[in-house]
Every structure is written in structure tokens, then in C-alpha cells.
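A short worksheet on the structure shown next.
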């Protein structure tokens, strides 16, 4: 049975979160191209005066020092600068993504989660629930069925998560067999229903393989690290309870 999805937040907040979720660099923000991104991300010609200002800003000099540079040289410099910006953005995007599952990498994901927590503390809402998800027995699968089978389990879980969550929820690979799904503006009950849907989907894909999940709601004093620690601890509690259950 299809369960109702949590209510979406306003479009302005969705756009803001979607931009944040790609893991925009923080320390890298002042690398070439990020300080004046708009004139560097399009190919429209710039007047010599504007080109001098852009180039001077990126070089950290006064625009007057470029007054002697002719228009053709300015165009060449801008073309090369735009190419460098595009390559920096390509490398930043590649570095942020996990090759196998196409989810965010751990460092990028934690940074994005901390940013989302700060936003939630600032503007409120229903809250953020972090689900720590683990592929049970991945080493055994790798040892008995081969690493290709284990990789497929990881891809299956990542695909099931992406299909169920919204564009502004965060998904990242935390470790070898562990994923984090941070659901934004939801209650714990709503988050549990969403994860139930994910698990139903991935079990169907994987022939009934088991997965463990731990939940933690972000509190007023939480950081990304503290809520992840609590969600991880909850996962082990849930797994231990499942292993000792008469039905397990």
C-alpha cells in the first residue's frame, strides 16, 4: 500500500535546500570563479570595463592595473578563466559524489547536514530526522557471492532511497555498508513510514536481504556529528533487538 508522503515545504525553501544539498564548497568558495560566479558561468560577452573588474577581482588587484590590457586580450583571459571555473566546478562535483552509488560522499554529506541543521535551528519547522541505514552481512555477501553482488546491494539501497525521498532530503554514503538519510521537515513517525517504504523496495530488489536502521531526531543542541552518533547507536540497538527476537 502506498503511504502518504510528508507535506512538502514552500518552494523557496525547496530551492534553497536543493542548492545546498550538492555540497557547495566552503573553504573553496573563494577559489577562482566563486566570488563573481554569475559573469563567469555564462558565455555572454562582457564590456572591457566589466571584464577588467572581474579579472581584477579574481587576481586580487585593482582594476586600474589592467587599463593597458586591450579588448582582445581581455576576451582571451575571460575565456580561459571561464574554462578554469568550469573545470573547478566539474572536479568539485566529482569529488562530492560516491562513484559506486552516486550519493554524496561522507565529508560532503556531513557538511550539508550541518548546514541543514543550522537552517532548521534558524527558521524552525517540523524538524530533521536522521536515519542511519546499514546493509546487513555485506562482508558475508562479498565473501560468498563476490564483490559484484555486494556492490549491487549497495546500489539497490541507494536507488531505493533516492526514489522515495524528496529532492531536498540528504542522502550520503557514510561508510562501506552504511548510508545516512536526513529527512527534512518531518516528524519521527513520518520518517519511519518513509524508511519503511524504502526497505520494502530494496528488499524486493534484493530478494529479501535484511537491512538495519537507526533513527535520531535533531535536537536543539545537536550538531551533525552528535545526531549521527545517536542514530548509529540506535541502529545497533535495533539490530541487537532483532537478533534476540523469537521471530528472527
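What follows is calculated from the coordinates using simple rules that are stated; it is not laboratory data. Everything numeric in this text was worked out from a predicted model, so none of it was measured. Note that each Cβ is placed from the backbone with ideal geometry, even for glycine, and that neighbours are counted across all protein chains shown.
Annotations
- Among the residues of region 46-61, those identified as surrounded by 11 or more Cβ atoms within 10 Å (Cβ to Cβ) and part of a loop (DSSP other than H, G, I, E, B) are 46, 61.
- Checking residue 160 against (1) touching a strand residue (DSSP E or B) at 6+ places or on another chain (Cβ under 8 Å); (2) touching a residue at least 24 places away in the same chain (Cβ under 8 Å), the condition it does not meet: (1)
- Residue 183, sole failed condition from (1) touching a helix residue (DSSP H, G or I) at 6+ places or on another chain (Cβ under 7 Å); (2) surrounded by fewer than 18 Cβ atoms within 10 Å (Cβ to Cβ): (2)
- Single condition residue 89 does not satisfy, out of (1) in a helix (DSSP H, G or I); (2) in contact with a helix residue (DSSP H, G or I) (Cβ under 7 Å, 6 or more places away or on another chain): (2)
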